[in-house]
1. Give the total of Lys-Lys pairs in the chain with Cα-Cα distances below 12 Å; include a pair only if its members are 8 or more places apart or on different chains.
2. Any idea how far apart Glu185 and Asp82 come out in nm if each label point goes 7 Å out from Cα toward Cβ?
3. Residue by residue through the range 135-144, what is 3J(HN,Hα) from phi via Karplus (6.51 cos²θ - 1.76 cosθ + 1.60, θ = phi - 60°)? Round to whole Hz and write x for glycine and proline.
4. Hey, got the Cα dimensions of the range 176-243 along the principal axes, in Å, largest first?
5. By Kyte-Doolittle mean hydropathy of at least 0.5 and Cα axial length of at least 27 Å, which whole DSSP H helices of the chain are selected?
6. Taking 0.36 nm per intervening residue step and subtracting the Cα-Cα distance, what contour gain separates Ser153 from Ser228 on full extension?
7. Going by amide H atoms built from the backbone, whose H comes under 5 Å of the H on Asp90, apart from near neighbours?
8. Under 16 Å from the 7 Å Cα→Cβ point of Thr269, by amide nitrogen: which residues of the range 48-85?
Amino acid sequence: MSRRHSFYARPLLAAVAAVTVLAGTAAAAPSDASPGRYTATSAALDDTYYQDALGKTGAELKSALNTIISDQTKLSYSQVWDALKATDEDPANSSNVILLYTGRSQSKNDNGGSSGQWNREHVWAKSHGDFGTATGPGTDVHHLRPTDFKVNSTRGNKDFDNGGSELSDAPGNFTDGDSFEPRDEVKGDVARMILYMAVRYEGNDSFADLEPNDQVNNGSAPKMGRLSVLKQWSQEDPPDTFEKRRNDVIFEQFQHNRNPFIDHPEWVTAIW
């Protein structure tokens, strides 16, 4: 862990302990793997992790957040398997993960490249900017999620938008020739993952400058749409307990950086 990570992580954990004591809670502190655990209050994050971003808007806020979240530990693509087993653990069954598009709870060990198994979905399609599975955007677990093998293939590298025909093997998800619409319960999750990628990867670390736009059919361009729809999804589906816990696990156990749009959803419209 770098000096910055040490500086941020310790005060955050200390703040939680202080809140627990003040609340008069007698129970022992939950372990790092506890599905319901949060590392910090919003105030603690703002006093430490986000202190250089507060009060900013637009390009200035985007630049400040890029500096903050670019300080991270990078994973290999093989390490992503184990990371997803922790980040997307089923709160009701620690042996399973929850699949993004179907919502199905499935054994952590039933992963791979065969029908019926779950695999690693790049929510920002890896062909949009041609980064593949290279360490960096190709292995950033803030946008990598467990998904059903067949549904992952159906989504392919399509942009996100409303409309299309419902998937028979994943009710609530829709697709057409140039876009994919996820189920309502994860629309905001998808939007915040896309916007995280646009802030984190600005073209200054040997990868393409990833940016959202208001189009579909972006092909191999480092663009992902449709921005107006993603903003709507983020507002209509705010961060829930699962998404917040996932952000905490990534920060504490794996990359040591956060998705700022989970902690501060209002920053979506402050930038775009």
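The values are calculated or read from the model by the stated rules, or taken from the named source; none is laboratory data. Since the model is a prediction, treat every value here as computed from it, not as a measurement. Here Cβ is always computed from backbone atoms with ideal geometry, including for glycine, and neighbour counts include all displayed protein chains. Note: accessible area is taken over every heavy atom of the protein model, side chains too, but ligands, DNA and RNA are not part of it. Shrake-Rupley method; radii C 1.70, N 1.55, O 1.52, S 1.80 Å.
1. Taking the Cα cut-off of 12 Å, the pair count is 5.
2. Taking the two extended label points, one gets 2.9 nm.
3. After applying 6.51 cos²θ - 1.76 cosθ + 1.60, I find 4, x, x, x, 10, 7, 6, 5, 10, 9 Hz.
4. Largest to smallest, the principal-axis extents are 34, 29, 16 Å.
5. Working: long enough: 3-22 (29 Å, 0.73).
Helices meeting the criterion: 3-22.
6. 24.5 nm
7. Asn96, Val97, Ile98
8. Once the point is set 7 Å along Cα→Cβ of Thr269, 57-58 turn out to lie under 16 Å by backbone N, inside the range 48-85.
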